[in-house]
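For reference, the structure is listed below as structure tokens.
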């Protein structure tokens with residue numbers, strides 16, 4: 001029995017839409033976000049909004065540039081002035097609060113030094129070999145015995161060859 005074309009199109013749409021939405025949500029969106037992050041110098045760990053900031057700097061760079069009173073109230077709800085340090089300190093945030101605060105900070109054109117848009121400079125440095133030595137991860141080799149370390153009274157031969165002579169080669 002042949003079903004009407006409209007009915008098959010409906011079933012096709014009902015089954016394909018969730019797949020397309022999930023594909024976009026879990027593959028396309030992170031891919032695009034990754035491209036955006038790769039064009040900044042953000043290390044992925046430091047917060048995009050400062051945790052602590054001097055009072056004068058906070059008021060001149062952020063509070064003075066906020067146009068909406070609701071944004072100003074929200075920022076002052078998140079940051080509190082510490083009279084001892086004469087600085088503003090941020091409270092702990094969940095994901096939604098953090099994203100809202102980041103949007104507000106973007107409107108003020110504030111960019112922390114570790115989250116600036118650098119375009120393709122990162123790639124140029126990598127391909128020309130002009131990167132900071134700390135850019136690439138290093139293998140850490142633990143040396144148990146050095147010229148200045150105190151040696152135990154006896155060392156097994158296999159440990160001596162492996163640990164002491166291994167470091168000399």
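Compute the length gained on full extension between residue 39 and residue 125: take 0.36 nm times their separation in residues and subtract their Cα-Cα distance, giving the result in nm to one decimal.
That works out to 29.7 nm of additional length.
Once you have all Cα-Cα distances for region 1-135, histogram them in 10 Å bins from zero and send the whole-percent values.
Taking all Cα pairs of region 1-135, the binned fractions are 10, 27, 23, 19, 11, 7, 3, 1, 0 percent.
Between residue 7 and residue 51, 0.36 nm times their residue separation minus their Cα-Cα distance comes to what?
Contour length minus Cα-Cα distance gives 10.2 nm.
Suppose each label sits 7 Å from its Cα in the direction of the beta carbon; what would the residue 111-residue 16 distance come out to in nanometres?
Output for this residue pair reads 4.1 nm.
For region 52-120, what is the relative contact order in percent, using Cα pairs closer than 8 Å and at least 6 residues apart in sequence?
So the answer I get is 36 percent.
At a temperature of 4 °C and a viscosity of 1.567 mPa s, determine how fast region 52-120 diffuses translationally according to Stokes-Einstein, using the Kirkwood radius over alpha-carbon pairs as Rh; express D in µm²/s, rounded to the nearest whole number.
Here the translational diffusion coefficient equals 101 µm²/s.
Measure of size requested: the Rg and Dmax of region 1-76, with Cα atoms as the atom set and Å as the unit; please supply both.
When restricted to the Cα atoms of region 1-76, Rg and Dmax are 23.6, 77 Å.
Given a Förster radius of 30 Å and the C-beta distance between residue 60 and residue 31 as r, what FRET efficiency does 1/(1 + (r/R0)^6) yield to the nearest 0.05?
Given R0 = 30 Å and the Cβ-Cβ separation, E is 0.20.
Values quoted throughout were computed directly from the atomic coordinates according to the rules given, and no laboratory measurement underlies them. If you're wondering where the values come from, they're calculated on a predicted model, not measured in any experiment. Note that we place each Cβ from the backbone using ideal geometry, even for glycine, and neighbour counts take in every protein chain shown.
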